[in-house]
Each structure stands twice: as structure tokens, then as C-alpha cells.
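The values are calculated or read from the model by the stated rules, or taken from the named source; none is laboratory data. Predicted, not measured: the structure shown is a model, and the values here were computed from it. Glycine gets a Cβ as well: all are built from the backbone with ideal geometry, and neighbour counts include every protein chain shown. Just the protein is used for accessible areas: all its heavy atoms, side chains included, with ligands, DNA and RNA removed. Shrake-Rupley method; radii C 1.70, N 1.55, O 1.52, S 1.80 Å.
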Amino acid sequence: MTGGTPFPIVGDSYSSASISGQAPRITSLLIKPASAVCNLDCTYCFYLDREADPYKELPARLMTDDTLQRLVDSFLFYSYPASTFAFQGGEPTLAGLPYFTKLVEYQQKYGRNGQSVSNALQTNGVLLDKDWCQLFHTYNFLIGVSLDGPEEVNDLYRVNKGAQGTWRKVMQGIEVMQREKVEFNILCVLSQANVHKPKETYKYFRSLGIQYMQFIPLAEFNADGSPMPFTITPEEYGRFMCEIFDLWWPERRKVRVRFFDNLAEALAGQKPGSCTMHETCDSYVVVEYNGDVFPCDFFVEKDWKLGNVNLDSFPEIARRQKRYSFAGKKTIAHPECQVCEYQAICHGGCPKTRHGPQKQFGDLDYFCGAYKMMFAKAVGPLRKEVEKLTGRSAELTPHSISPY
């Protein structure tokens, strides 16, 4: 896996701690029931074997029933009336089908009248069968499946423990989901395997009947700050997404591309589903297999631990000073952001791709140049579309950048 979730998973409610004096609400959970453990060995994966991984000495990591029950009970109580659970990894299906059956049982047991509960799961797809898909269909899970394109593209980096390609197994899982009428979308990692093939990639997914797509730019760096071989450049990312926009625009009413969805949400004055476009980084938290809580999936590190669901309540976790500190990393002013016409959309980008090359949160987002290309291409047409649909002006209001 490399950063991404089925969309949308982020709730609508939000309050700024810097304005209201209250802790910003945790609107969704990103739960890792098997931690970073995975049954694949993708070349570009950043999860396993990280020096900063607090659990790297533990080969087997599975959430216990006690932790699951405590997690569901406490979050449903905290998040009423709308509760969003998203599951990721590593590979979350390694927790087993009984784990997710128990999840639903606990949600039914601890949920209250009128409470809306939604579940999303991000998977590599290789373990999916009829039993999994029947559970997903029955309880309306939203599934995100990782697939980077046709067989020769996908299998360049997405391989199993035996260094064999995974495309065939993933396609089997997709076929079962389609037969069982499971709602799913494709999460495509943009690497050197596919970034120069926007037309081929888009048309391939459309040929599979895919109507929901998310393109995740790959940016991993060596210790000296240099990009790893599979990392794409900002210009490559920008060109890819601009071509995707041209392909998508004629069928925009029936196909969803997450980046453009999020941009339209921002233009409509709504909070985008992607945390990359939020003003601060505090909409969700990560819950590890043992109940440990962190502010971001890219920063599951000892120094950023916020607490543990077996010991702490969600109101306590929401008020932790470390959470405020992490949320504020996105607001660290950069001179170019202060004068950028798109600041009110991107809010400085993602702390992961600001921090990645030189380990400095105050740096520009590595993909800053790509965002500018994409915004220049898409903002104008999307603004007109939003105004047509809403009957209201879709002008952005610049926000000042100040310490959190």
C-alpha cells in the first residue's frame, strides 16, 4: 500500500481548534487490523521495514477481539450520529473474515437509534472470494482495490512474496465483486510503470467497467533526499492528470476521479474528501492493531503516538497536544504558498510530501508544480460546472497562513 483510501471516507463535521478553542473532531478512523503486515511484496511499498516503524520487530500483528470491541464501542459513542470506519494495512483482509463479521456484530450491538455507520476497506484484492463479497454487499462496504493497470504494468512493481505478478489474482477478486454487486473503486499508484500512459491507463479501467478511480502519486526518497527509481516527477504527475482530465471531462457525469471530485468540493465551498486539501491535518486518526493511535498513516512513529483505545477515550485523544502539533505542520508558512492563487485549495499540500525529501515540514510539497498544472487545467471548467449545478458563484476565498 501507499497512501490512499476508498473515497469518500471523511465526514462533513469540522471545527477548528484555533477558532473555537475546542479540539477538532475526529470524523473517521483508519484502522490497521493487521498493521503493516501484507501478503504481497510490492517494490514501492513504504510500510514494511521502515526504520521508524514502532512494530518492526513483531512479524505477526493481529487486532484482538477485546481491542476491536473496545474500539467499536468507544468510537460509536464518541462519533454519534455519523460514524466512519475505514480499514487499511498492509493488507487488512489478513485479519480474516471472522474479524469483519465481529466488527459488524459490534456495530449493531453498540450503535444507537438513528446512528449512521459506514465501512470502507482498502485491499490488494488477492484474497477476495464469494464469502468476502457477500459480507461486503450485505453491509454496504465501500471497497478500494489496488490495481496499477494492465498485467504488464501492474506486475512490474506489484508482486507477491515469490516475486510473481499479482494481476491475475486481483482480476479474479474484481470479477467476484462485480458478480456479487459490491461497490468498489480502483486505487492506482502512479509510478514509472504507468505515469507516461494516461490514455492507456484510463481506457483500460473504463474497459473493465470501472466508474470510480483514484490516482495516487508515488513519492519515496532515499536518505539523501534523492527520489527512488520508481518515484515520479512533479511534471510527470501534472501531465498525467491533465490528460486524465481531458479523457474524463466528456463522461464526467458517469465517471468519478477522486482528485477532480475533491477539487469540485472545494470550489463548492465544501470540505473536500481528501485530507490533502484540508486546512489542517486533524480529520482522522490511525488505529493500529494493538489499539495505538496516530494522527496520520504516513507518520505511524513512536514520537507521534497519541494514545491507545484500550486506555484512552476518543475525547482525550482528540485533545492531545501532539495532535494539535501535528495538525499545525500543514500550516507552517512557505513564502511561495503565501502568494499562490491556489492556496485556498491546496493549503500547502501534504505534510508527507513536504517532509519526504529533506525531512522539513516547512518545505514546499514535492508535487507543488504538479498541483499548479492540474489546477490551471481543471479549476476553470469545474468552477463553471459547479456554478451551473448549484446556481451559486464558486469563487475561492484566500486564507491567511498562520501558526496553528
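Just one of the listed residues (25, 70) is open to solvent by 60 Å² or more (accessible area, probe 1.4 Å), within 25 Å of residue 319 (Cβ to Cβ) and outside any loop (DSSP other than H, G, I, E, B), and it is 70. Flag set for residue 129, criterion: over 20 Å from the mean Cα position of the chain (by Cα), among the charged types (D, E, K, R) and either modelled with pLDDT of 95 or more or under 30 Å from residue 80 (Cβ atoms) (or both). If you take the residues in region 298-313 that are in contact (Cβ under 8 Å) with a residue 40 or more places away in the chain and surrounded by fewer than 22 Cβ atoms within 10 Å (Cβ to Cβ), which one is nearest to the chain's Cα centre (by Cα)? Within region 298-313, the match that is nearest to the chain's Cα centre (by Cα) is 298. When residues in region 43-84 are screened for being modelled with pLDDT of 90 or more and either among the hydroxyl-bearing types (Ser, Thr, Tyr) or within 18 Å of the chain's Cα centre (by Cα) (or both), 12 of them pass. Count of region 186-208 residues, restricted to those that are assigned to a loop (DSSP other than H, G, I, E, B) and open to solvent by less than 50 Å² (accessible area, probe 1.4 Å), is 5.
If the condition is being within 20 Å of the chain's Cα centre (by Cα) and not aromatic (Phe, Trp, Tyr), then region 195-215 contributes 195, 210, 211, 213, 214.
Return the residues of region 85-95 that are open to solvent by less than 20 Å² (accessible area, probe 1.4 Å) and at pLDDT 95 or above; say none if nothing qualifies. If the condition is that a residue be open to solvent by less than 20 Å² (accessible area, probe 1.4 Å) and at pLDDT 95 or above, then 85, 86, 87, 88, 91, 92, 93 are the ones that fit.
Annotation: of all residues in region 80-107 being in a helix (DSSP H, G or I) and of a type in the set (A, V, I, L, M, F, W, C), the one that is nearest to residue 40 (Cα to Cα) is 94. Residues that are without any contact (Cβ under 8 Å) to a residue 24 or more places away in the chain, under 19 Å from residue 83 (Cβ atoms) and open to solvent by 30 Å² or more (accessible area, probe 1.4 Å): does region 324-345 have at least one? Scanning region 324-345 turns up no residue that is without any contact (Cβ under 8 Å) to a residue 24 or more places away in the chain, under 19 Å from residue 83 (Cβ atoms) and open to solvent by 30 Å² or more (accessible area, probe 1.4 Å).
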